[in-house]
Structures are given as C-alpha cells and as structure tokens.
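Student: After the structure tokens below, expect a handful of questions from me.
Values quoted throughout were computed directly from the atomic coordinates according to the rules given, and no laboratory measurement underlies them. What you see is a predicted model, and the numbers here were worked out from it, not measured in a lab. In this analysis, Cβ positions are derived from the backbone assuming ideal geometry, glycine residues included, and neighbour counts consider all displayed protein chains.
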Amino acid sequence: MNVHDSEQLTELLKGSGYVRTDSAKEADLIIVNTCSIREKAEQKVYSQLGRYRQIKMAKPGVMLGICGCVAQQQGERLIEKLPFLDLVFGTHNIHRLPEFISRVGKTGRPVVETGFHETVPSIGILAPPERGAVSAFVTIMQGCDNYCAFCVVPYLRGREESRKFNDILAEVKALADGGVKEVTLLGQNVNSYGKTPGNGHSFSELLRAIGGIGGIERIRFTTSHPKDLSDDIIDCFRGVKALCESIHLPVQSGSDAVLARMNRKYTSADYLDCVRKLRGACPDIAISSDIIVGFPGETEQDYQKTLDLMGKVRFDTLFSFQYSERKGTAAVGFDGKVNPDEKRRRLIGLQSLQDLHTREKNDKLVGKTVEVLVEGTSRNTPQDVMGRTRTNKIVNFAGGSDLAGTAVRVRIVDAFLHSLRGEMLD
Ligand code: 5AD
Ligand code: SF4
C-alpha cells in the first residue's frame, strides 16, 4: 500500500512539473513515505531523514518532507524534533501535496497536515506503472475497523472506506487499455470490501467483474482477514480464470488464547477450515501468511501451537515478526510481556521451520511446467530474465529483455529457498 501511495504521489507531482530521479542528490524535492507498523520501521525513518538533511544543507532550495504513518502519528512533534523539515502530511492528505508545496514556496514556513477526512480522495488517483511494466496496484478500500490488539493501522489509516465499484472497474479498464496484464487489488482488509454503507457490492462481485475485463490475465489481492473470507470469495478461485492461485492470509498465531487476546475473532480451527476450503476450490493454491511471536502472554505452549499449525498448513511463504509494542494499541496494557531474547529465540525457531516448508514446496515444482509473467532482466545475471508464477514464486531463466511483459511457459529445473530456476519452452 505504501508503494502504491508513493506511485500516486509521483503521479500528482508530474502535474506540478516534477520528474522522478533515482538519486536523492539530484532531487529538488525529497519525500519520505513512512511506515510505523513496527518500531524498527519507524527508527529507519529517522536515520534516513538525517541523511537527507545533509543534502538539503548542501543545496539550498531543496524541500524535504515526510508523509505516511509516522507523519500521521507524530504531526507537529516532528517539526519540533526535526526543524529542517518543510512538509509533514498524513495518510488522508496525499492528494493535497501540490498545494502544500506551493504554500511552503510562498511562505517559507513548514506545512503540517494530519487531519482525517470522511473520504480519502487519493484513493482514486490513477497511477499507471512505469512505461512498459505490466503489473499495477489498484486500491479498492482504505483504512481498517478491526482493531487487532497489536496493530496501529486503524489509528493511522482511519476508518474503513470502500471505493466505488464502477470507479474501480473504470480504473482497471484504463490500465488494461494501457497494456497492464496483472492487477493487485489493495486494502487493509479487502475481504470486507463493500461493507461501507451505501456501497452495495461485495468483494466476490468485484473479483468476478474484474475477471471479465479483457486484457487482464492475472488478478491478485492483499490483504485478507480470515474472519471475512466467505465461501463466496473462496468460490472465485474456481470460477474466475484470471484470479491467481495464490492468497496471503495472515494467521498471526496458532494459539486460540493468543488469537482471542489479539482480537482476531477466529480460532485456529476456523483458520484450518479456511485452508481446507481454499485447497478444495483450488488444489494448487499457494498460501502465505503473517505470524507474530512474543505477543504479551504468549507461553511456550502457545508458541508450540503456532509451530503445530504451520506443520498442518505448510505455508508457501511466511512473513514473521517479533511483537513490537505500538503506542495507543490495546496490547500496551496487557500483562506477560515477553523478553527480547525469548522473542528472538522463538522467531529464529519459527523461521527455520518455515525454511524447511518453503524448500519442500519449491522442490515439488522441479520438473513441472508453469506460466511465468516476465518482469524484466534478472538483478544479478543480465543474460537471464525474472518473472513470477501465478502462485507468486520468482523464476529466473535464460532469455532477452524483449520478453518483459509477456507470459511464457517455463519448465522448472532447480529450486532454491527464495527462487526457482527454469527453462523456457515456448
Ligand atoms: N508487532 C509485530 N508485528 C506486527 N504486525 C502488525 N503490527 C505488529 C506489531 N505491533 C504484523 C502483522 C501484520 C503485518 C502486516 O505486520 O503480522 O499482519
Ligand atoms: Fe491491523 Fe488487524 Fe486491521 Fe490488519 S486487520 S490492519 S492487523 S487492525
């Protein structure tokens, strides 16, 4: 979502005559788009701003700003702490960036805007991918009403708001007309799309409608909440041809006691039921997840239950984190804080189990033929190209950059932890 917000900022700035540069030293305007989901992400922002400050000092006239969740949370305090900043704007004010820039230009004083609005106008900014790219993000909803006890998102992204059905379809059509083949639908909880009063369309209706748009070969979505994964949505994996055989379904923990304290509103049995139904509808579906270790009150037995669940599901990939206390969330007041060494030990144990599962899944693909949508030249080997399977696995194989944007058939010849090696058949 942050990557897409940055794409939208870039698009807006084009209207004010700016062009993108990959070198901060060349820039006249530097905006740091921030995340505060965990403390580590937030800390990185401060060190990066320190580096950009040097650039600003060396080149008068450069504007330096911060936006996103850290800006939303800290507001005025950022200017007090870092007086060299020109712009601080929050998650609901992205669309106003050009106005903020001209205000700073006129007054020479910093602008701080962190108000929430009833709707988030930036949701509708069409930001097509860079020339030649075939994958695009499309925001379908914003905000979150779930209040998981560990999570700061509802406080910083605001209330859940679904975007209008026809606006989304129009955007996807425009992207398809521009050559986009793959869309990733974005939202903090896409499964609850349409629940905003007055919307009148469900997420499964949206998937089916996008599946009918000519030129769109692949549809992905992120993120899903297990409590809202209806049979209707699961059924789309049977009926919507363009829907990729892949889902990110964060479980967070395998212990029912921990899940209840996290306010997740499902049990580990409910989660396993989702997995069973998904595999029933789509046997080859790749399932990825998020897990937090060391949530307050998590015992060794709770942790073991998470490992047990991983053994039952066998995720294709897993994003795992040590619990990080976030100001303003319910879990701040919970007893039983787990000490940092223990959290680290649990994370390492969990990650080594997942590595076994990931390898096992990847090894099974050796000898199989898969469809790969080529993204471009491989990062390390210029004679290779890199693309993704419909199950979202990275495949490298020998080929020229002219293949970028095409879907080709590839036979998998080798498997590693983070990628696969293939040979093109077409
Ligand atoms: N500490 C650790 N991980 C967190 N996440 C969200 N909040 C926290 C936190 N306070 C993780 C969850 C979520 C993912 C995006 O980040 O697993 O699914
Ligand atoms: Fe955070 Fe829970 Fe909302 Fe996801 S569903 S954004 S984890 S509060």
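Student: Run the numbers on region 170-240 and let me know its relative contact order in percent, using alpha-carbon pairs under 8 Å that are six or more apart.
Tutor: Numbers: 81 pairs, mean separation 30.3, N = 71.
It rounds to 43 percent for region 170-240.
Student: Treat each spin label as a single point 7 Å out from the Cα along the C-beta direction, and report the K337 to N380 distance in nm.
Tutor: Output for this residue pair reads 4.0 nm.
Student: Here's another thing I want to ask about it. Under 18 Å from a label point 7 Å along Cα→Cβ of T119: give me every residue in region 165-180 with its amide N that close.
Tutor: Hits in region 165-180 for T119 at 18 Å: 165-172.
Student: OK, next. Of the residues D86, D145, D273, which exhibits the maximal mean-square fluctuation in a Gaussian network model of the chain defined by a 10 Å Cα contact cut-off?
Tutor: D273
Student: Given the alpha-carbon gyration tensor of the chain, what are the semi-axes of its equivalent ellipsoid in whole angstrom, ordered largest first, with each equal to the square root of 5 times an eigenvalue?
Tutor: Working: eigenvalues 228, 166, 104 Å².
Semi-axes, largest first: 34, 29, 23 Å.
Student: Between F319 and T10, what is the spin-label point distance in nm, taking each point 7 Å from the Cα along the Cα→C-beta axis?
Tutor: 2.0 nm
Student: Hey, with R₀ at 56 Å, roughly what FRET efficiency would R208 and K106 work out to, going by the Cβ-Cβ distance, to 0.05?
Tutor: Working: r = 49 Å, r/R0 = 0.88.
It comes out at approximately 0.70.
Student: Less than 17 Å from a label point 7 Å out along the Cα-to-Cβ axis of I348: which backbone N atoms in region 315-341 qualify, by residue?
Tutor: 320-323, 339-341
Student: Using the Cα centre of the chain as the reference point, and only Cβ charges (+1 on K/R, -1 on D/E), how large is the resulting charge dipole? Debye, rounded to the nearest 20.
Tutor: Here the size comes out at about 560 debye.
Student: Expressed in nm to one decimal, what extension gain is obtained for the pair T369 and R409 from 0.36 nm per residue of sequence separation less their Cα-Cα distance?
Tutor: 13.7 nm
Student: Here's a follow-up. Rounded, prolate or oblate: which fits region 81-209, taking a ≥ b ≥ c as square roots of the Cα gyration tensor eigenvalues, rounded meaning a/c under 1.5, else prolate when a/b beats b/c? Working shown, then result.
Tutor: Details: a/c = 2.32, a/b = 1.39, b/c = 1.67.
Taking the square roots of the gyration eigenvalues as a ≥ b ≥ c, region 81-209 is oblate.
Student: Something else: Full extension from E360 to D426: what is 0.36 nm times the residue separation minus their Cα-Cα distance, to one decimal in nm?
Tutor: This chain segment gains 21.0 nm when fully extended.
Student: Continuing with this model, one more query. Can you give me the C-alpha center-to-center distance between region 184-214 and region 367-407, rounded to a whole angstrom?
Tutor: Computed from Cα coordinates, the inter-centre distance equals 29 Å.
Student: Run the helix sum for the chain: -39,500 (n - 2.57) per DSSP H stretch of 4+ residues, divided by residue count, reported at 222 nm to the nearest 500 deg cm²/dmol. Write out the running numbers ahead of the final one.
Tutor: Numbers: 13 runs with 150 residues, N = 426.
Dividing the helical sum by the residues of the chain leaves -11000 deg cm²/dmol.
Student: Pull out a ≥ b ≥ c, the square roots of the eigenvalues of the alpha-carbon gyration tensor of region 60-125, then state rounded if a/c is under 1.5, prolate if not and a/b is larger than b/c, and oblate in the remaining case.
Tutor: On the way: a/c = 2.31, a/b = 1.36, b/c = 1.70.
In terms of gyration-tensor shape, oblate.
Student: Roughly how many debye, to the nearest 20, is the charge dipole of region 174-265 about its Cα centre, given +1 on each Lys and Arg Cβ, -1 on each Asp and Glu Cβ, and no other charges? Write out the running numbers ahead of the final one.
Tutor: On the way: 11 positive and 10 negative charges, 50 e Å.
Charge dipole of region 174-265: 240 debye, to the nearest 20.
Student: Now for a separate question. For region 1-119, just run the numbers: alpha carbon Rg, then divide by 2.2 N^0.38 Å, N being how many residues it has.
Tutor: Numbers: Rg = 13.3 Å, N = 119, 2.2 N^0.38 = 13.5 Å.
Cα Rg divided by the expected 2.2 N^0.38 Å: 0.98.
Student: Grab the beta carbon distance between D290 and K81, set R0 = 35 Å, and tell me the FRET efficiency rounded to 0.05.
Tutor: Values: r = 31 Å, r/R0 = 0.88.
Between D290 and K81 the formula returns 0.70.
Student: While we're looking at this one, here's another question. Under 8 Å for C-alpha pairs, at least 6 residues apart: give me the relative contact order for the chain, rounded to a whole percent. If you can, show how the numbers build up before the last one.
Tutor: Details: 809 pairs, mean separation 42.3, N = 426.
Relative CO of the chain lands at 10 percent.
Student: Same structure again: Quick one: which residues, 5+ away or cross-chain, put their amide H under 5 Å from the amide H of V111? H built at 1.01 Å from N.
Tutor: Amide H to amide H, under 5 Å and 5 or more residues apart or across chains, V111 pairs with L87, V88.
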